[in-house]
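Read the figures in this text as sums done on the coordinates, not as results from a lab. The shown structure was predicted, so the numbers you read here are calculated from the model rather than taken from an experiment.
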């Protein structure tokens, strides 16, 4: 009976592509590389997502983006450019997005979701 309850409940999360990303040289600065991720918001209860970049040990890596917290309305998508210094590329492993719950949603028992993509191995 408990298993049926889990199967009957739909769980929605946001989507992020590509699953395996790769960085390319940024044409306007030879010390920087860039990649793009695409976010799709499938959650009615969330409008904001935080972007993070990590190494293989889950230590944060400095990066730049237009905004590190991005607003995406329900059923909309957004493309985000991410910039990293070339010196940080060898350790870079993951780009993650975390749903940011607003105060009024937190009290209703909503769950935050995190999705990560992994650097494509060469």
- What share of the DSSP beta bridges in segment 11-119 is antiparallel, in percent to the nearest 5? 95
- Message: Show log10 I(q)/I(0) for segment 11-119 at q = 0.15, 0.22, 0.24 Å⁻¹, two decimals, from a solvent-free Debye sum over equal Cα scatterers.
- Response: -0.63, -1.17, -1.32
